[in-house]
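A.B. asks: Have a look at this one.
The values are calculated or read from the model by the stated rules, or taken from the named source; none is laboratory data. All values reported here derive from a predicted model rather than from experimental measurement. Don't worry about glycine lacking a Cβ; one is built from the backbone with ideal geometry, like all the others, and counts go over all protein chains shown. With ligands, DNA and RNA removed, areas are computed over all heavy atoms of the protein, side chains included. Shrake-Rupley method; radii C 1.70, N 1.55, O 1.52, S 1.80 Å.
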Amino acid sequence: MTQRVLLVALLTACSGADDTAEAVQNLAEQAQEALDSVPLASVVASIGGTVVASDGLFVEVLPHRDGVLEALVYNAEGEVVSDAGELKVQVQGADGSPHEVVLAWDEEDQKYVGDLEAALAASGPVSVSVTTEGVAHAGSVAKLAAAPETAVRGGTVVVAGEYSAEVVTKPDGSVAAYVVDAAGAPVQADVDVEVALQTSTGAAQPVVLAWDPQFEAYVGRPEASVTWVAGPMTLSVDADGTKHETRVRQVVVPPAPTHEGEIVAVGDYAVEVVPEEGDLKAYVVDASGAAVAEPEAEVIVTVDHRPVTLTWDAEAGYYKGPVDARFDATAAPIHVAVVHRGRRHWGGIRVRHAPRLRPWHARRVQLRAELQGPPPPVRRRYRHPRFRVRARAHAPVVRANTNVVVHTPRPPAAQVRVRTPGAMVRVSGPGAMVRITGPAAMVRVRAPSAMFSVRGPSGMASIRIGGMRGMRGMRGMRR
């Protein structure tokens with residue numbers, strides 16, 4: 001808008017009577033001084049989105065494929081405007097149709113947030129409209145990528161024009177960028193990728209990344225030894241001479257894990273998530289690397305839309321919260337949020353199978369025991385192709401005359417062994433193995449692939465495989 005006003009003033013002056021060369025030169029100099037006084041270079045992205053000019057205002061848009069939209073509004077000086085009034089963003093849905101989303105300022109997120117409640121296209125046109133003080137400001141871009149719902153490698157998700165990426169900084173100084181193109185497919189060695197990070201000297205250090213097929217990412221490290229510190233991060237993707245760029249105001253440099261957990265960059269914090277049997281633990285450090293140990297802070301971990309709030313445990317020295325047997329951090333990428341000092345920060349990661357997770361992960365196999373008889377203890381064992389759990393005092397113990405129900409929601413399924421004078425076992429799942437030893441036993445199995453074994457003078461087994469049923473007595477096996 002400033003440029004437009006100055007241009008109109010210049011043309012009006014030139015069309016007047018006094019259009020001498022000296023007057024034109026003076027006006028041109030004044031126009032240039034006015035333009036130079038507007039720090040347009042400061043109107044750059046700060047949440048990892050793409051900036052759209054809208055008639056004197058600037059809107060940074062960061063769309064996510066699950067339909068969540070984040071945005072910031074800036075004035076010409078690059079200052080964030082939190083009371084810009086009504087902000088509307090039109091995006092392309094996965095159905096190919098345009099959809100308008102109204103965004104509202106979120107005090108905890110410190111940004112405008114809206115939700116289409118439907119999936120977005122991998123990329124598409126984006127239009128913004130800001131109405132403030134009765135004046136409408138509009139702008140658009142021809143194509144803008146949509147970022148993943150959350151990070152899956154513990155890094156920072158950004159959108160640079162037609163490309164989205166997750167950038168991961170590692171304790172050894174290397175940097176990796178997982179770049180996705182406008183079609184939603186990983187980019188392999190077709191573009192030039194560069195990341196600039198803050199060093200301990202206070203200067204930004206660019207790093208040129210090269211495609212590494214081993215990691216399926218663009219990977220690089222600075223030519224000279226540097227120490228990364230928390231600060232701005234810039235990503236640029238150059239494709240066919242067109243440069244797409246974005247910036248995040250501050251990213252942390254996650255340390256190496258110290259508790260056999262998973263490190264997640266969560267805004268201004270780094271969180272080490274450690275799942276254990278029955279509990280979820282988190283160790284939090286701030287941008288300076290100092291441990292966060294404050295009762296008012298919360299860590300919220302969400303998987304499969306089931307959030308678990310972790311609170312500070314002063315005696316243990318970490319944030320912790322209980323989880324039930326249905327909570328499986330390895331099932332999908334998890335969201336990690338830190339709520340601290342009135343701000344909420346987001347991150348995410350896909351938890352890998354690790355020795356520390358094994359007993360906790362196996363809790364997905366659920367057992368409900370109904371005690372009906374005398375209490376002679378019987379050892380119970382669960383087996384799983386990868387994981388094993390044996391009964392302990394804190395878990396239900398299979399006893400005589402017991403009714404046991406086992407459900408395996410997802411593969412791989414479980415193996416259950418019961419030794420008892422009388423038992424009834426029901427198993428449902430995509431694959432299961434049951435063995436019962438006792439004078440009286442009954443087994444029911446419903447699964448596409450199952451094996452059962454019953455030993456006893458009086459035994460009965462009922463099995464359903466697809467649409468077929470079968471009955472076996474004494475000892476039966478079916479696969």
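A.B. asks: Run the 1.4 Å probe and let me know the accessible area of residue 346, rounded to the nearest 10 Å².
C.D. replies: 130 Å²
A.B. asks: For all pairs of alpha-carbon atoms in region 60-143, what percent lies in each bin of width 10 Å, listed from the first bin to the last filled one?
C.D. replies: All Cα pairs considered, the percentages come to 18, 53, 26, 3.
A.B. asks: Lysines within cross-link reach of residue 143: Cα-Cα under 21 Å, excluding same-chain residues under 8 positions apart?
C.D. replies: 88, 243
A.B. asks: Let me ask something additional. Which order do the peptides 203-216, 123-136 come out in when sorted by mean C-beta neighbours inside 10 angstrom, highest first? Can you show the working numbers first?
C.D. replies: Values: 203-216: 13.5, 123-136: 16.9.
Result, highest mean first: 123-136, 203-216.
A.B. asks: With a 1.4 Å probe and every protein chain left in place, work out the accessible area per residue of region 216-269 in Å², rounded to a whole number. Mind dumping the intermediate values first?
C.D. replies: On the way: 2640 Å² over 54 residues.
Value returned for region 216-269: 49 Å² of accessible area per residue.
A.B. asks: Quick one: Cα convex hull volume of region 90-213, Å³ per residue?
C.D. replies: 168 Å³
A.B. asks: On to the next question. Less than 20 Å apart at the alpha-carbon level, and either on another chain or at least 8 residues along: which aspartates and glutamates does that give for residue 281?
C.D. replies: Excluding near neighbours in sequence, the set is 260, 262, 268, 272, 294, 296, 298, 304, 313, 315, 324, 328.
A.B. asks: Zone of residue 75 (label point 7 Å along Cα→Cβ, backbone N under 14 Å): which residues in region 44-58?
C.D. replies: From region 44-58, the list is 56-58.
A.B. asks: On to the next question. Given a 1.4 Å probe and every protein chain left where it sits, what share in percent of the accessible area of region 155-266 is carbon and sulfur?
C.D. replies: Details: 2410 of 5140 Å².
Taking all protein chains in place, region 155-266 shows 47 percent carbon and sulfur surface.
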